[in-house]
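Undergrad: Here you go, one structure.
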Amino acid sequence: PGGEFLRQFGRKGSGEGELNEPCGLGVDGEGEIFVADTWNHRIVRFAPDGQFRLAFGDPEGKLFGPRAVLLSRGSVYVADTGNKRIVRFSPDGKRLAAWGGDGTAPGQFIEPVGLAAGPSGNIYVADTGNHRVQVFDPEGKFLRQFPVFGWKDFYTEPYIAVGPSETVFLTDSWGKRAAQYDAGGTLRRSWRGSEFFKSPTGIVLDPFGNLTVSDRATAGGYTSGYPDAA
C-alpha cells in the first residue's frame, strides 16, 4: 500500500503468460488477477502469485483491443473497445452475454473504455466517443446515461470509479483532470492537479475514501483523500 515494489510477472509476447500492451485489470476476492491483454485481443488470468492460469476471448466474435476488465458479483465484464460492446464472462472464460454495438443511441457505444460497478451491482461504462457515461443492470439492460465534458477524442481512454452512494469519479487525460459526478449525473467538481497530472488515466477509490490516479505521461500516480467521496 505504501508503493514499495513487491514483484512483477508477464513479458511481451502472445504465448502463455505473455502480454501485448496490457491495459485494465481486475482482482477477485480470492486474489485472482484478470488482465485486459489489449493487442493480443484477449483476457489473461493469473494466480495471486502471478502464475499463468488461462487466456480467453469470445468464441462468437473475436475481442478487438479490449481496454478494461471488471470483476463484479461472480462475473467478468470486458470493455471490448474496438467492437464497441461489453462482453460478460464467467471467471473460467465462458461467454455469458454481450451488448452494445456501434452508434449513439442508448445502449450503443463509440470506443467504450472504463468500467465500474456500483453498490447495487449496476455497471457503469465510459462511452468515450459519445462523451457520456452509460449505466446498465448486471444483465446489460440500459438504465440511464449522463453527458461528460471533455473526452476529446477516441484516444482519451478514460477510466471510472463509483462510490457507495453512486458517486462517479472519472479521468480526462486530454483535459489533464479528474472529475466527480453525483448519482444523477450532475458535475460536482473537477480538478486538474496542475502540479501532478499530465495524462491521468486509471482511477480507483479505496474503502477509506482515497482516490488513486495513474498518470501515464509521468510514469507515476497521485493519491488524494476525499472524505466525502462516498
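None of the figures in this text is laboratory data; all of them are computed from the coordinates on show. Predicted model only: the values in this text are computed from it and were never measured. When we count neighbours, we look across all protein chains shown, and the Cβ atoms used for this are built from the backbone with ideal geometry, even at glycine.
Undergrad: For the range 171-211, just say rounded, prolate or oblate: build the C-alpha gyration tensor, square-root its eigenvalues into a ≥ b ≥ c, call rounded for a/c under 1.5, and beyond that prolate if a/b exceeds b/c, oblate if not. If you can, show how the numbers build up before the last one.
TA: Details: a/c = 2.04, a/b = 1.26, b/c = 1.62.
It comes out oblate by the Cα gyration axes.
Undergrad: If you don't mind, another one. Using DSSP to call loops (not H, G, I, E or B), can you name the GluC sites (Glu not before Pro) in the range 133-215 whose Cβ has at most 15 other Cβ atoms within 10 angstrom? Let's see the in-between values first.
TA: Values: sites: E139, E166, E195; in loops: E139, E166, E195.
Loop-located and lightly packed - E139, E195.
Undergrad: About the Cα centre, and with charges only on the beta carbon of Lys, Arg (+1) and Asp, Glu (-1), how big is the dipole of the chain? Nearest 20 debye, please.
TA: Numbers: 25 positive and 27 negative charges, 81 e Å.
Magnitude of the dipole: close to 380 debye.
Undergrad: So for the range 148-214, averaging the separation of alpha carbon pairs under 8 Å that are six or more residues apart and normalising by length, what relative contact order in percent results?
TA: On the way: 129 pairs, mean separation 17.9, N = 67.
Here the relative contact order equals 27 percent.
Undergrad: Of the peptides 198-204, 103-109, 4-10, 127-133, how do they stack up when ordered by the mean number of other Cβ atoms within 10 Å, highest first? Spell out each step's value before the answer.
TA: Numbers: 198-204: 19.7, 103-109: 15.7, 4-10: 8.0, 127-133: 21.4.
The packing order, highest mean first, is 127-133, 198-204, 103-109, 4-10.
Undergrad: Right, here's the next one. For the chain, max minus min Cα coordinate along each principal axis, in Å, sorted largest first?
TA: Computed over the chain, the largest-to-smallest principal extents equal 44, 43, 30 Å.
Undergrad: How would the range 10-99 be classified by its alpha-carbon gyration tensor: rounded, prolate or oblate, with rounded meaning a/c under 1.5 and the a/b versus b/c comparison settling the rest? Could the numbers behind the result be given before it?
TA: Values: a/c = 1.73, a/b = 1.14, b/c = 1.52.
Oblate, because a/c is 1.5 or more while a/b does not exceed b/c.
Undergrad: Ranked from highest to lowest mean number of other Cβ atoms within 10 Å per residue, what is the order of the peptides 17-29, 59-71? If you can, show how the numbers build up before the last one.
TA: Details: 17-29: 16.7, 59-71: 18.9.
Per-residue mean Cβ counts within 10 Å order the peptides as 59-71, 17-29.
Undergrad: Let me check against my output: what whole-number percent is the relative contact order of the range 122-180, with C-alpha pairs under 8 Å and at least 6 apart?
TA: 24 percent
Undergrad: Here is a follow-up. What percent does the relative contact order of the chain come to when contacts are Cα pairs within less than 8 Å and at least six residues apart? It would help to have the intermediate numbers written out before the result.
TA: Details: 583 pairs, mean separation 19.9, N = 230.
After rounding, I find 9 percent.
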